[in-house]
Amino acid sequence: HIDPINGRPWPIALIIARRKKSHTSAQDIPLPYLNLSYAGQTRKTLYHVCPPSYHMGITHEVALMASTQDATILTSFQYVSDIHLEYYRPKPQTWPSIPRLCPTLILAGDIGNAHHTHYRDFVSSCSTSFDHVLVVAGNHEFYQPSTPVLTAAEVLETIQSICDALPNVTFLNKKSVVIDNVRFLGATMWTQIRPEDKQTVASSMNDYYQIFIERPDPNSKPRSRSNKKKSGWRTATTEITQSWHRDQRDWLAHELTDPSDGLALPTVVVTHHAPSFRHLESIHSAEEGFQSAYATDLTKLMRNPPVVAWVSGHTHSITEMLLGEGRVLCVSNCSGYPKERVKGFDASKKVLIKKDENSGIVVAEQG
């Protein structure tokens, strides 16, 4: 098909549309006039398009399969999360192995407790295998289940110190890095907890028992003999984690809209917490009262043109879907606890960032 506006051929080999029965069938829509928001995929996948002549607030799911003749791979990366080293014996031979298939590895949180030596050792071992390692903190990085050692702020400083000591490791804590002309933005993100969920979340999630934000007064006496080790330490609350979420969400929104901050570069967002409640389908965290402890609807941020992929973790599930009007590849690859073994986890999973040389469009696809 030839684009009637610019005269260029579309890089599309196959179009299959599905519409509501009450509306004109896909066959009645003149294909050259479809307002395709993105193209370039080499694998069959879902996209959303709205033909101008039928713009009535209806989303049309379209599967695209594009020609790869003129596609250039800008960069590629592997991605894993939720390895939970705190539950493994601290010996390298017992850790999940990550074969190098791409130059970049993304560690999307819950790798382990940051103050344990095996966290440092694991990140260091990854740095020797990959050209670039991008680290985002999960909620478990902050956990201190027995004797509190560090506040949340000190945990962030610890991770930063570990990453700074390794020349090819970047801690994405409201930070960005550009690799092969692709920008990576990252933060833990936390979540916006729904009012009706606050009591359930606060009483059931370990975040509010094992994350500490303030040290005790050295002159204060323990309030109870049964909990001397934690006496005086102030734990995180739902109000505090929500304030972290708002701060990181606002930072990300600014990065995705400020033209002075690399807006022209294709962008991959990395968070630990999930950017959509669709990540919770058919998993334990979708239980009533817990959803907003795992995800927040951030799909509005995906509408910004530079975002082509979003990597997350936390849900202990495998996610591969298109969101953001069908332009953004959203993935997660959670390993899970040692005895859990999340079905479908594969440390060799990778994403390719590709540019179509004819249209200039950049897309993300699974390798």
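The values are calculated or read from the model by the stated rules, or taken from the named source; none is laboratory data. Values in this document were obtained by computation on a predicted structure and should not be read as measured data. Backbone-built Cβ (ideal geometry, glycine too); neighbour counts: all protein chains shown.
Does GLY313 satisfy the condition of being at positive phi and either outside the structural domain of VAL80 (by TED's automatic domain parsing) or touching a strand residue (DSSP E or B) at 6+ places or on another chain (Cβ under 9 Å) (or both)?
So GLY313 fails the test.
Return yes when SER335 is among the polar types (S, T, N, Q), at pLDDT 90 or above and over 12 Å from the mean Cα position of the chain (by Cα) and no when it is not.
yes
May I ask you to say which residue of HIS60, HIS55, HIS118 is at pLDDT below 50 and touching a Lys or Arg at 6+ places or on another chain (Cβ under 9 Å)?
Matching residue, one of HIS60, HIS55, HIS118: HIS60.
If you go through the stretch 63-100 one residue at a time, how many are modelled with pLDDT under 95 and part of a loop (DSSP other than H, G, I, E, B)?
Going through the stretch 63-100 one residue at a time, the tally reaches 11.
Scanning the stretch 144-158 for residues that are at pLDDT 90 or above and of a type in the set (Ser, Thr, Tyr), which turns out nearest to GLN210 (Cα to Cα)?
THR151
Quick one: which of ASP297, ASP346 is in a loop (DSSP other than H, G, I, E, B), without any contact (Cβ under 8 Å) to a residue 60 or more places away in the chain, surrounded by fewer than 16 Cβ atoms within 10 Å (Cβ to Cβ) and more than 15 Å from the chain's Cα centre (by Cα)?
It is ASP346.
One residue is enough: does the stretch 154-166 have a residue meeting the conditions of a type in the set (D, E, K, R), under 26 Å from CYS102 (Cα atoms), within 17 Å of the chain's Cα centre (by Cα) and not in a loop (DSSP other than H, G, I, E, B)?
No, the stretch 154-166 has no match at all.
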